[in-house]
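In what follows, a single structure is set out as structure tokens and then discussed.
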Amino acid sequence: MELQIGVVGLGAIGRDHVKRLTERITGCKVAAVSEMNEEIGRKVAQQYNAKFYADGEELINSPEVQAVMVTTWDPAHAQYVLAAIRAGKYVFCEKPLATEVSECETILAEEQKFGKRIVQVGFMRRYDPGYVEMKQAIEDGKIGLPLIVHACHRNMNHAATMTSEMSIKNSGVHEIDIFRWLLDDEYVSGQVVLPRQSRISAGEGLQDPQIMMLRTKKGICIDVEISQSSGYGYDIQCEVVGDLGTIRLPDPPTVITKTDCTRTTAIMPDWQNRFIEAYNIEMQDWVDRVRKGEKLTGASSWDGYAACLTAYVLGQCREEGGTAREIRFPEKPEFYK
Ligand code: ISE
């Protein structure tokens, strides 16, 4: 029996996932969709032969939906994740888990009350073959003790609604998550440094670029540039420096063209394509595990909480002039170990 999935929110990533679940992932079916914009919602429902719900919570509670995917705009994530937990249904929530730390805390409490891990957060980079290979090499001791990470996260351009806060909570949050996972470590302090403002993205409420600096328990120092307007493409870089060598995330493979005494390679414009393999692997793994009732291996609600708390502290640091701040986590509950 195919897993009957209900998707709440049909923006770019929601529509991408509906397509992916239908055309690429095996063992599942998009049974229902929900979207605030009724015209879009009904159109997608018709296209994929799914039932349309104007109300996301009604979709979550409907008997034909066995598992839920939350792909609404970020501030609505927590509400639907909580509704799914209360309905006792597995829920895959796109990152971030929530925009407020208190919402993550409620999710942690409700999931523990339910008694089983049923929330997975869509930090898809954990499934990207490049990052997976880096993690393996680090764990195998290939670069010795990791000391420093240099990274950058450049979007080609941004929506008019982008703010300095969102730049960290929506984009930077991927970086925050991936280094915890890659280094198997936790943050102890963080800071945001603001370089000269880009003229391209100069706008009300958006400082761009920003540099996030993080220090981990093991003493690893991380610097990561977050930029919303590279103008040239979507570019994700990551280099881990160890005491025996360094390891670097590969660029996605593209052909090399040589003409007129020049050599060119394309740069992907967006994250949907850059991380397509990661999304596909992540989603197939989630569907397979949910169908078999196996333990989820993707980012947990604890990871979502850790990322949200770190992003919050970094935001506070920026607002208050940039002095480094301590990042203090409570004891990780046994449930999430
Ligand atoms: C976007 O929302 C994503 O989730 C992408 O993965 C990320 O790279 C981008 O910066 C975000 O804006």
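Miscellaneous remarks
- Among 219, 293, 172, the residue with the largest mean-square fluctuation in a Gaussian network model of the chain, with springs joining Cα atoms closer than 10 Å, is 293.
- Scalar couplings 3J(HN,Hα) for segment 96-103, obtained by applying the Karplus form with A = 6.51, B = -1.76, C = 1.60 to θ = phi - 60°, are x, 4, 7, 9, 10, 4, 4, 5 Hz; x denotes Gly and Pro.
- Placing a label point 7 Å from the Cα of residue 218 along the Cα-to-Cβ direction, the residues of segment 150-193 whose backbone N falls under 17 Å of that point are 150-151, 176-189.
- Each of the peptides 183-192, 240-249, 139-148 was scored by the mean count of other Cβ atoms within 10 Å over its residues; in descending order, highest first, they stand as 183-192, 240-249, 139-148.
- Rg ratio for segment 241-336: its Cα radius of gyration over 2.2 N^0.38 Å, N being its residue count, equals 1.64.
- A straight chain from residue 256 to residue 237 at 0.36 nm per residue would run longer than the Cα-Cα distance by 4.9 nm.
- Pairwise FRET efficiency - residue 136 versus residue 189, Cβ, R0 = 35 Å, nearest 0.05: 0.80
- Put in order of Cβ neighbour count within 10 Å, fewest first, the listed residues 213, 166 become 213, 166.
- Shape call, segment 188-258: gyration tensor on alpha carbons, a/c limit 1.5: oblate
- For segment 207-306, GluC sites (Glu not before Pro) are listed when DSSP marks them as loop and at most 12 other Cβ atoms sit within 10 Å of their Cβ; the list is 294.
- Cα gyration tensor category, rounded, prolate or oblate, for segment 49-119 with a/c compared to 1.5: oblate
- Pair-distance distribution of the chain: all C-alpha pairs, bin width 20 Å, starting at 0; shares per bin in whole percent are 30, 59, 11, 0.
- Rounded tilt (10° steps) of 301-319 against the dominant C-alpha axis of the chain: 50 degrees
- Pairs from the table (89/135; 29/292; 51/89) lying more than 22 angstrom apart at Cα are 89/135.
- Residue 291 versus residue 211: modelled label distance in nm, points set 7 Å from Cα along the beta carbon direction: 4.8 nm
- Size of electric dipole in the chain: Cβ of Lys, Arg +1 and of Asp, Glu -1, about Cα centre, debye, nearest 20: 520 debye
- The helix-only estimate of mean residue ellipticity at 222 nm for the chain, built from DSSP H runs of length n ≥ 4 each weighted as -39500 (n - 2.57), is -10500 deg cm²/dmol after division by the residue total.
- Unit charges on C-beta of K, R, D, E only; dipole of segment 201-298, Debye: 440 debye
- Bridge type composition, the chain - antiparallel percent by DSSP, nearest 5: 55 percent
- On Cα atoms only, tilt of 276-292 relative to the major axis of the chain in degrees: 40 degrees
- Between residue 86 and residue 280, residue separation times 0.36 nm minus the direct Cα-Cα distance comes to 67.1 nm.
- The residue 161 and residue 270 beta-carbon pair, evaluated with R₀ = 30 Å, returns a calculated FRET efficiency of approximately 0.95.
No lab work stands behind these numbers, since they all come straight from the coordinates. Predicted model only: the values in this text are computed from it and were never measured. Virtual Cβ from ideal backbone geometry, glycine too; neighbours counted across all protein chains shown.
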